[in-house]
1. State, in angstrom, two size descriptors of the stretch 109-160 derived from its alpha carbons: Rg to one decimal place and Dmax to the nearest whole number.
2. Label 7 Å along Cα→Cβ of Arg113; the stretch 63-104 residues with amide nitrogen under 15 Å?
3. Do any of Lys15/Lys98; Lys37/Lys88; Lys98/Lys126; Lys14/Lys88 go past 32 Å between their Cα atoms, and which?
4. Helix hunt in the chain: which complete DSSP H runs extend at least 18 Å axially by C-alpha with mean Kyte-Doolittle at least -1.0?
5. Note down, for the chain, the three equivalent ellipsoid semi-axes (square root of 5 times each alpha carbon gyration tensor eigenvalue), biggest first, whole angstrom.
6. Quick one: plug the Kirkwood hydrodynamic radius of the stretch 80-143 (C-alpha pairs) into Stokes-Einstein at 20 °C, 1.002 mPa s, and report D in µm²/s.
7. Between Ser42 and Arg94, what is the label-to-label distance in nm when each label sits 7 Å out along the Cα-to-Cβ direction?
8. By how many nm would the segment from Arg137 to Ala61 lengthen if fully extended, with 0.36 nm per residue of separation less the alpha-carbon distance?
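What follows is calculated from the coordinates using simple rules that are stated; it is not laboratory data. Only a predicted model underlies this, so the values are computations on that prediction, with no experimental measurement involved. In this analysis, Cβ positions are derived from the backbone assuming ideal geometry, glycine residues included, and neighbour counts consider all displayed protein chains.
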Amino acid sequence: MATQTQTQRRASAKKAAATRKRNASRGTASRARTTAKTTATSATTRAKAEATGLQAVALQAERALLIPVGAALIARDNVVDGVKPFTKRTSAEREINKLQRRVATNLRKFERRGTTARNKLQRDVKRNRTQVERFVRTNRRNIESQANDLVSTVASNLPS
């Protein structure tokens with residue numbers, strides 16, 4: 001049996017999904033219809049134009065004009081979509097808060113990564129220092145032992 005909190009959570013999730021779907025379909029559907037109509041019209045026009053060479057040249061000239069116009073309109077749409085969240089005070093504040101949360105999250109992530117790297121470096125340095133100290137200690141003992149053997153050999157070979 002679902003608790004009241006779970007039911008509320010589920011209802012909120014459904015509501016949010018519906019809002020996202022509604023927002024996504026608003027601009028996209030009309031642009032898709034317009035694009036489909038334009039494509040069909042263009043294809044028909046192109047087929048007719050190819051029948052005559054003069055019309056084909058005119059079509060190429062028209063394309064040379066339409067391409068930059070279309071690119072400018074797409075750029076305008078992108079700017080409008082980018083500015084849309086900042087048109088009202090409440091939506092602008094919400095967008096700014098969202099950006100601040102994202103920055104704070106990224107800073108925490110970078111800090112954790114830096115801490116991990118620092119700790120790893122410290123462990124590596126400590127391990128290497130220990131290995132060098134152990135190597136030096138072992139070699140010092142070996143050299144001292146050889147020196148003592150050499151001293152005793154020389155001392156025993158000296159005439160008394």
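1. 22.5, 78
2. What the label zone holds, given the 15 Å backbone N cut-off, is 103-104.
3. Values: Lys15/Lys98 20 Å; Lys37/Lys88 34 Å; Lys98/Lys126 42 Å; Lys14/Lys88 26 Å.
Violating the 32 Å limit, Cα to Cα: Lys37/Lys88; Lys98/Lys126.
4. Details: long enough: 4-49 (66 Å, -1.25); 53-83 (45 Å, 0.93); 89-157 (101 Å, -1.36).
Membrane-span-like by this rule: 53-83.
5. For the chain, the ellipsoid semi-axes come out as 78, 34, 16 Å.
6. Values: Rh = 16.3 Å.
Rounded to a whole number, D works out at 132 µm²/s.
7. Once both label points are built, they end up 3.5 nm from each other.
8. Values: separation 76, 0.36 × 76 = 27.36 nm, distance 8.60 nm.
Taking 0.36 nm per residue and subtracting the Cα distance, the gain is 18.8 nm.
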